[in-house]
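Here's the structure we're looking at; comments come further down.
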Protein chains: 6
Amino acid sequence: MKITVCRKEHFNAAHRLFNPGWTAEKNELVFGKCNNPNYHGHNYELIVKLTGEPDPETGYVYDLKKLSDLIKKDVLDKLDHKNLNLDVKEFENLNPTAENIAVIIYKLLREKIENTLDIKIILYETERNFVEYPA
Amino acid sequence: MKITVCRKEHFNAAHRLFNPGWTAEKNELVFGKCNNPNYHGHNYELIVKLTGEPDPETGYVYDLKKLSDLIKKDVLDKLDHKNLNLDVKEFENLNPTAENIAVIIYKLLREKIENTLDIKIILYETERNFVEYPA
Amino acid sequence: MKITVCRKEHFNAAHRLFNPGWTAEKNELVFGKCNNPNYHGHNYELIVKLTGEPDPETGYVYDLKKLSDLIKKDVLDKLDHKNLNLDVKEFENLNPTAENIAVIIYKLLREKIENTLDIKIILYETERNFVEYPA
Amino acid sequence: MKITVCRKEHFNAAHRLFNPGWTAEKNELVFGKCNNPNYHGHNYELIVKLTGEPDPETGYVYDLKKLSDLIKKDVLDKLDHKNLNLDVKEFENLNPTAENIAVIIYKLLREKIENTLDIKIILYETERNFVEYPA
Amino acid sequence: MKITVCRKEHFNAAHRLFNPGWTAEKNELVFGKCNNPNYHGHNYELIVKLTGEPDPETGYVYDLKKLSDLIKKDVLDKLDHKNLNLDVKEFENLNPTAENIAVIIYKLLREKIENTLDIKIILYETERNFVEYPA
Amino acid sequence: MKITVCRKEHFNAAHRLFNPGWTAEKNELVFGKCNNPNYHGHNYELIVKLTGEPDPETGYVYDLKKLSDLIKKDVLDKLDHKNLNLDVKEFENLNPTAENIAVIIYKLLREKIENTLDIKIILYETERNFVEYPA
């Protein structure tokens, strides 16, 4: 009897999309306004979903207060109010698209959450643009 | 050609999380503020999803007006403006966590909806904490 | 490593639900207020989800600006500020239920998006009634 | 000690914007897509605000259940699932812009609610376009 | 040059509406489902608005982080995850309607915020029922 | 008979809060995480409200399509996907707090909109922090 439990958090960050192996013209062509060298930013909304069996003693799949604390400590402290390109080592050589941010968040949490639980990340870059990983 | 149709409803209820087999200290430790013996409460948002083939005569998988009426009669009349621990027999011996409430709602609807349709329950306890059953 | 990218758009349209092979009485019985011969209308919220592998050069599964432009050109220009029954040839002989609108939108986009990407449509007819195709 | 109490309701309707004293060209120029002769439609979100003194016996300025019932009977039964131009006599000679719909709703409720209470109408035609009356 | 700055917070609580000077029948008649003697509950959304002149050195009317901390300490610690009737002394002899809760929150904050700033409270009991004080 | 018409738009930008006349320590103390020298960012939601008399020929106080175009041309082209501190001349010597951004937007629109209409700006920096100008 598997159930999914979900926690929504948010963080604010600056970023710039570009490929350092490309010319300025190609970056401008592909990434448009998102390529502004002075950065722009977003309020990211993050949903973390864990799927597993509920504990019969508590009725919890996972304590969502504990999940919230874990996300704050292992994800938000690294990303919130940061410049993703300059301040976060995971993006030193990785373009901080929503897709790549979601994969990084997945990896950060996968190390901390027991393997009996599946993890899924949903990341809203804006209200109208969002990604899910794994698909 | 399977399609999923979804209806969102809401109800307001009081509840308290605790395990009667534990000491007060252990309940406090595990359930924290949710263990207040005088209860607290929530506006629960409920999404019921039905998956099946559309009827070629109507273009409906299921009439969502009929689904809304069914949820009102078989779920909301039992849970809305109630104390889940004291007023709802399904929780006499079951901790009313979001996980367990979702399972109970699933069972209530499964008895009333034909087996050619799959049912999925999404239950928001707050805007930031929600569960899905089956996963 | 499959990721899903999602874009939300919206359109406003009038429609009427009815089956031309039925009597007025049966249409009234089945479709109720939605059968008003003078039409009623909705703000439809549309989410298009594409699932595939990210491009290592861009970090994108699909450029969401390009997806937005594609939806505008191939879906919204056909449906927005229209009477679905009278103005849209796909509904000449098809009841414009949310289910059928979602299937039509899927088909319109399936012709334009490469087959390495899976497509899923979520269509909100109101905040409380929505459908997903494929299920 | 004045307090404002507010109730949110919704209705779905079709409409067309045009001025019958103008040419088709001028109507097209001024109202654009909203001038479609076959109509388009919206999910209108309606907020009714009443301002007055709370009753010391109940702690209510106005029973919001009673306000909801009043809105349903005197406003929604007239507008919901209707074609505003064809089905609603108040718009026989009045263009159903959001501004004019808000004024009509105000007048309908002003007749039913005691004059010790001020009324304000907020009407969302879409999530991004809305009006307030009186200003 | 007056500007209004606003902070949104939330809390969850149980309550029961009734007038101890009335019979059970009259309480049932007036308060309906909200009169359940076993309590029900809500996710309250609270918006606190402060109006004043911005400080030329900071560009702030009021530091919203400081306002958030103040609301947590002086309002949420008293109301969150509580039974308003049983656990909060302000409602010992006051019916915990949304109107009265908003007035109490106003008074709690008025003692802590300098008089050069006007305060306004908006309190959502549900997404569809909310109050504003002062009007 | 004054009515208010409202249009919601959005933009994404990076910014940093600091006072160049202060030490790094004082900036850190006052602005905290918002003082990150590498910038952070937000999805700003902007509501522009215009109050005036409706035109009897159109039923419009102001054509919201025209207002949307005006906001895009005179506000969003200047702010969207920009670094407010580095890319926007109005903030060369002005701290880009939500309060100051709202005042700048007001001034940009006041030059373009006839004086028979009052203007009010509501600016959401996050879902929980927002400002209104004039108060």
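Observations, loosely collected:
- Checking each residue in segment E:1-18 for being among the charged types (D, E, K, R) and touching a helix residue (DSSP H, G or I) at 6+ places or on another chain (Cβ under 8 Å) picks out E:Arg7, E:Glu9, E:Arg16.
- Residues located in segment B:3-30, provided they are surrounded by fewer than 21 Cβ atoms within 10 Å (Cβ to Cβ) and of a type in the set (Gly, Ala, Ser): B:Gly21, B:Ala24
- The set of residues in segment B:92-116 being touching a residue at least 40 places away in the same chain (Cβ under 8 Å) and more than 28 Å from A:Ile47 (Cα to Cα) consists of B:Lys112, B:Ile113, B:Thr116.
- Per-region count, segment F:116-135, residues of a type outside the set (D, E, K, R) and open to solvent by 70 Å² or more (accessible area, probe 1.4 Å): 1
- For B:Ile47: the one exception among (1) over 18 Å from B:Asn115 (Cα atoms); (2) more than 17 Å from the chain's Cα centre (by Cα); (3) β-branched (Val, Ile, Thr): (2)
- The residues of segment C:31-58 that are open to solvent by 40 Å² or more (accessible area, probe 1.4 Å) and either among the aliphatic types (A, V, I, L, M) or farther than 27 Å from D:His15 by Cα (or both), listed by number, are C:Glu53, C:Asp55, C:Pro56, C:Glu57.
- Test: residue in segment D:91-99 that is part of a helix (DSSP H, G or I) and either open to solvent by 20 Å² or more (accessible area, probe 1.4 Å) or modelled with pLDDT under 95 (or both): no
- Some residue of segment C:101-115 being within 17 Å of C:Val131 (Cα to Cα), open to solvent by 20 Å² or more (accessible area, probe 1.4 Å) and of a type in the set (Phe, Trp, Tyr): yes
- When residues in segment A:93-108 are screened for being among the charged types (D, E, K, R) and touching a strand residue (DSSP E or B) at 6+ places or on another chain (Cβ under 8 Å), 1 of them pass.
Rundown of residues vs (1) touching a Lys or Arg at 6+ places or on another chain (Cβ under 8 Å); (2) within 8 Å of another protein chain (Cβ to nearest Cβ), yes/no style:
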position	(1), (2)
A:Lys2	no, yes
A:Lys26	no, no
A:Pro37	yes, no
A:His40	yes, yes
A:Ile47	yes, no
A:Pro54	no, yes
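- A search for C-beta distances below 6 Å between a residue of segment F:50-78 that is farther than 13 Å from D:Asn19 by Cβ and any residue that is among the small types (Gly, Ala, Ser) and open to solvent by 30 Å² or more (accessible area, probe 1.4 Å), counting only pairs 6+ apart in sequence or on different chains, returns F:Thr51/D:Ala135.
- Output for segment C:78-110, where each listed residue is among the charged types (D, E, K, R) and more than 14 Å from chain D (Cβ to nearest Cβ): C:Glu90, C:Glu99, C:Lys107, C:Arg110
- All positions within segment D:102-123 that are assigned to a strand (DSSP E or B) and of a type in the set (A, V, I, L, M, F, W, C): D:Ile119, D:Ile121, D:Ile122, D:Leu123
- Selection of segment F:59-77 for residues being open to solvent by less than 20 Å² (accessible area, probe 1.4 Å) and facing another protein chain (nearest Cβ under 10 Å) yields F:Gly59, F:Val61, F:Tyr62, F:Leu67, F:Ser68.
The values are calculated or read from the model by the stated rules, or taken from the named source; none is laboratory data. Fair warning: this is a prediction, and the values are worked out from it, not measured in the lab. Methodologically, a virtual Cβ is constructed for each residue, glycine included, from the backbone with ideal geometry; neighbour enumeration extends over all protein chains shown. What goes into the accessible areas is simple: the full protein's heavy atoms, side chains included, and nothing from ligands, DNA or RNA. Shrake-Rupley method; radii C 1.70, N 1.55, O 1.52, S 1.80 Å.
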